[in-house]
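The values are calculated or read from the model by the stated rules, or taken from the named source; none is laboratory data. Note that the structure is predicted; figures quoted are calculated from it, not measured. Virtual Cβ from ideal backbone geometry, glycine too; neighbours counted across all protein chains shown. Just so you know, the surface numbers come from the protein's heavy atoms only, side chains and all, with ligands and any DNA or RNA stripped out. Shrake-Rupley method; radii C 1.70, N 1.55, O 1.52, S 1.80 Å.
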Amino acid sequence: MTAVGTTAPLLAAYRGEPVTRHPVWFMRQAGRSLPEYRRLREGTAMLDACLTPELAAEITVQPVRRHDVDAAIFFSDIVIPLRLAGVDVDIVPGVGPVLGSPVRTAADVDRLPHLDPAALAPVREGVAAAVSLLGGVPLIGFAGAPFTLASYLVEGRPNRELPATSALLATDPATWHRLLAWVADLTAAFLRAQADAGAQALQLFDSWVGRLSPEAYATAVQPHSAAVFAAVADLGLPRVHFGTATRQLLPAMLAAGADVVGVASDIGLDEASALLGNRVPLQGNLDPALLSADWASLEAATRDILRRGEAAPGHVFNLGHGVPPDTDPSVLTRLVELVHSIPTRQVD
Ligand code: 1CP
């Protein structure tokens, strides 16, 4: 790992300042694509691994060692604060988050527990341990945004169509808003714990919000995402807001209080930048499917993304969504080398 000074390229790009190299990291860079991860995880359930500070710290650092990426993202999951609050949730291998019982009625929302801040200790300890292993490479803290996290609570298990979520939102707006306000508080506490322990940027994942119209987003979601961003504003850390299929929502997601917008692969970075007035640093947006394409196609797509990213005042190279589990890790290493080898527009 390369030690970096106070202006790590990641943080400079997030602030729209000149960079000495194109910063790059990958959503879901820790995890099943790495054999060293699979070895460490053997025999430990996902959420237990997240809540074992030394283990979570080691897994967090693995992709930085292997790929020389410009950031680590804390090894955890968006459902960790639910578990710490006492919600009956587990991650079922090959499925994802599964709830003991879904949250669908006003009475279900009444029964949601309160998070005891002391319960966040394993998160604080894991982040602190990761930061000390990272030797100056920035650590990104993250959380699930109110809509996406609520969708797991309401559906009870992964379902991309989100039928129960759409039904609740349409039929019982009062319960919907109480649920999202509860999630927003929890999410803010999870982000703050990571920042207090040394995370240098915060990313809010609203992975599934792209299915909403701008009108639905404005009334049902934005106030709650805005509450999360406002609750961590005093920390002064760059706040990144990401979702997929969000072309129609980008301005509203920015207006929720983000400093940086994470862009999925459904829109060019130059077009995304224009929608945001060419004044907002962007992160993204290589189609993860290209990681298994031939190298020439991958290289051409990467160069194109870096060129389009120049429309924004800052750009952090990333995928449009997470690393697929079957990705050959050597492709990621080579991709990082390529991104780092391409000159930045600023003079060093
Ligand atoms: O390097 C990293 O990014 C690892 C840390 C990390 C992050 C940032 C994990 C570990 N999960 C997440 C965030 C997360 N979790 C999101 C937002 C990012 C995204 O959109 O990909 C979401 C939606 C989840 C929910 C979740 N957890 C899913 C998706 C289910 C679905 O709806 O399709 C899954 C499969 C999990 C489990 C999980 N989380 C992380 C890992 C390594 C795993 C797999 C663990 C296992 O199966 O043993």
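Observations on the model:
- Extreme residue, farthest from Leu282 (Cα to Cα), among residues of region 16-32 that are within 14 Å of the ligand (Cβ to nearest atom) and not β-branched (Val, Ile, Thr): Arg32
- Taking (1) open to solvent by 50 Å² or more (accessible area, probe 1.4 Å); (2) closer than 19 Å to Arg32 by Cβ; (3) part of a loop (DSSP other than H, G, I, E, B) in turn, Val323 satisfies each apart from (1).
So that you can scan it fast, the table gives a plain yes or no per residue for (1) more than 23 Å from Leu338 (Cβ to Cβ); (2) open to solvent by less than 10 Å² (accessible area, probe 1.4 Å):
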residue	(1), (2)
Leu11	no, yes
Gly16	yes, no
His22	no, no
Leu40	yes, no
Leu47	yes, yes
Cys50	yes, yes
Pro53	yes, no
His67	no, yes
Ala71	no, yes
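- Pick from region 262-293, criterion among the hydroxyl-bearing types (Ser, Thr, Tyr) and either open to solvent by 20 Å² or more (accessible area, probe 1.4 Å) or in a strand (DSSP E or B) (or both), ranking: nearest to Asn318 (Cα to Cα): Ser265
- Close contacts from region 24-48, counting a first residue that is without any contact (Cβ under 8 Å) to a residue 12 or more places away in the chain and a second that is surrounded by fewer than 19 Cβ atoms within 10 Å (Cβ to Cβ) and part of a loop (DSSP other than H, G, I, E, B), with Cβ to Cβ under 7 Å and a gap of 6+ residues or different chains, come to Arg38/Arg32.
- Region 93-124, subset within 20 Å of the chain's Cα centre (by Cα) and assigned to a helix (DSSP H, G or I), residue nearest to the ligand (Cβ to nearest atom): Val123
- Taken as a whole, the structure leaves Ala188 outside the set of residues that are in a helix (DSSP H, G or I), over 30 Å from Trp25 (Cβ atoms) and not hydroxyl-bearing (Ser, Thr, Tyr).
- Yes/no for Leu204 being within 14 Å of the ligand (Cβ to nearest atom) and buried (at least 23 other Cβ atoms within 10 Å of the Cβ): yes
- For region 57-92, residues that are more than 16 Å from Met27 (Cβ to Cβ) and in a strand (DSSP E or B) total 4.
- Where Arg160 falls short, out of the listed (1) within 14 Å of the ligand (Cβ to nearest atom); (2) out of contact with any strand residue (DSSP E or B) (no Cβ under 6 Å at 6 or more places or on another chain); (3) touching a residue at least 24 places away in the same chain (Cβ under 8 Å); (4) open to solvent by less than 10 Å² (accessible area, probe 1.4 Å): (4)
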